[in-house]
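Shown next, in structure tokens, is the structure this report addresses.
Bear in mind that the values in this text are calculations on the coordinates, not laboratory data. All values derive from a computational prediction rather than experimental measurement. Methodologically, a virtual Cβ is constructed for each residue, glycine included, from the backbone with ideal geometry; neighbour enumeration extends over all protein chains shown.
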Amino acid sequence: MQIDQTGIPGLLVITPRRFGDARGFFAETWNSEKLAAQGITTRFVQDNHSLSAQAGTVRGLHFQAPPHAQAKLVRCGRGVLFDVAVDIRKGSPSYGRWFGIELSFENGRQLLIPAGFAHGFVTRAPETEIVYKCSDVYAPETEGALRFDDPDIGIHWGMGDTAPILSEKDAAAGAFAGFDSPFIYGGNGA
């Protein structure tokens, strides 16, 4: 596996090798022993799979607060999406900074997002699937969200004039200004 730094501590791009022939390909998308040898020791306990029917669907920016903070390993099972992580760890040298990357079935890239980040994506193709591992189980009482289009974060989603397709929850998400993050850089699982 190829592991690339993003410039934000702990946030990594992992690109598995694909072994292909006339039938298709095989890729090992997670191997705890091999990645532990590279210093990556995240333990995953839940897998999620989401389908977005239309291009321009935005999901996020979501997080789960301690004690159920989640690290995630995100990949695209079908289609194309622009995946974003925002560092919301108080005291982090990159607090409030975001990183975005195109994930697609074709490129096979994955984004390893530590606990302490808000996560979201926009689909670039219809019938896009996102598949991701989580380090803690879903705990709705710890859910939080920030506005995907918050100018204080300034994410360049690359949507042009396309109107986003949002859930009611995401449309009502809070602003980054005045946000009291429950995450501490280097502490509480972040």
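Quick notes
- Using θ = phi - 60° in the Karplus curve 6.51 cos²θ - 1.76 cosθ + 1.60, the 3J(HN,Hα) couplings for segment 143-153 round to 5, x, 8, 10, 4, 5, 9, 4, x, 6, 8 Hz; x is entered for Gly and Pro.
- Computed magnitude of the charge dipole of the chain (debye, nearest 20; Cβ of K, R +1, Cβ of D, E -1): 500
- Per residue of the chain, the DSSP helices (runs of n ≥ 4 H) give a summed -39500 (n - 2.57) that works out to -1000 deg cm²/dmol at 222 nm.
- Packing-based order for 53-64, 99-110, using average beta carbon neighbours within 10 Å, highest first: 53-64, 99-110
- Cα centroid separation, segment 41-95 to segment 98-175 (Å): 6
- Prolate/oblate/rounded label for the chain (Cα gyration tensor, a/c 1.5): oblate
- Dipole-positive endmost among GLY10, THR123, GLY60 within the chain (Cβ charges, Cα centre): GLY10
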